[in-house]
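Read-outs throughout are calculated quantities, based only on the coordinates presented, and are distinct from any laboratory measurement. These figures come from a predicted structure and were not determined experimentally. Here the Cβ is made from the backbone with ideal geometry for all residues, glycine too, and neighbour counts use every protein chain on show.
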Amino acid sequence: MRERILADPTVIRELVARFGAEVVADDGSVNRPALGAKIFSCDADRRWLEALTHPRLYEIWRAEFAAATAVSWIVEVPLLFEKGLENWFDFTVCVACSPQQQLARLEQRGLPRGLAGQRISSQLPLEQKIERSDFVLWNEGSPEFLEAAVDRLIKTLVDQS
């Protein structure tokens with residue numbers, strides 16, 4: 001979804017108008033690292049971007065949900081609770097790890113420690129996400145371990161229905 005929204009020419013024009021040409025790569029796509037550096041260093045800029053992109057995202061979701069009502073949807077929503085979207089879904093799952101692990105993973109993806117910390121601090125504290133979620137998967141292990149936990153959760157949900 002993010003790719004669809006960030007490829008929208010109107011969105012790109014708005015980004016350039018607000019942040020300058022450096023947020024667009026040579027190929028015309030959004031330079032996400034440059035954009036991230038801007039929005040996670042200024043709360044007003046982050047809120048502006050959310051106001052620009054989130055209504056478009058919600059419109060896409062509504063259309064896709066309406067077009068495929070018989071489909072079971074799994075939707076990843078990083079700001080689920082922050083944006084009050086939990087009521088859109090039958091249940092919520094928090095995939096959690098320690099703050100140290102979260103920071104290390106962001107750094108492994110190439111994000112400098114300062115920017116990684118800014119991203120983490122812009123979200124609801126993990127304890128609150130865990131408390132508000134219907135299910136919690138602890139993600140300190142390998143990708144295979146998490147995949148097995150997801151499979152167990154899916155089996156539990158299917159068996160309950």
- Two decimals is fine: what is log10 I(q)/I(0) at q = 0.21, 0.32, 0.34 Å⁻¹ for segment 55-97, from a Debye sum with one equal scatterer on every Cα and no solvent? -0.78, -1.36, -1.39
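Could you give the size of the charge dipole of the chain about its Cα centre, using +1 on the Cβ of each K and R and -1 on the Cβ of each D and E, expressed in debye and rounded to the nearest 20?
Working: 19 positive and 24 negative charges, 83 e Å.
Value, rounded to 20: 400 debye.
For segment 72-161, rounded, prolate or oblate, judged on the Cα gyration tensor with a ≥ b ≥ c (square roots of eigenvalues), a/c < 1.5 rounded, else prolate if a/b > b/c?
Numbers: a/c = 2.40, a/b = 1.43, b/c = 1.68.
Taking the square roots of the gyration eigenvalues as a ≥ b ≥ c, segment 72-161 is oblate.
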- Over what distance in Å are the Cα centres of segment 86-129 and segment 5-74 separated? 19 Å
- Using a ≥ b ≥ c from the Cα gyration tensor of the chain (square roots of the eigenvalues), is it rounded, prolate or oblate, where a/c under 1.5 gives rounded and otherwise the larger of a/b and b/c decides, a/b for prolate? oblate
- Note on the structure: With Cα coordinates, the longest principal axis of the chain makes an angle with the long axis of helix 43-67, in degrees rounded to 10, of 50 degrees
- Item | Amide H contacts under 5 Å for Val24, placed H, 5+ residues apart | Asn31
- Cα-projected label distance for Asp45 with Arg18, points at 7 Å along beta-carbon direction, nm: 1.0 nm
- Query: So between Val75 and Thr156, what do we pick up on full extension, going 0.36 nm a residue minus the alpha carbon distance?
  - Reply: 27.3 nm
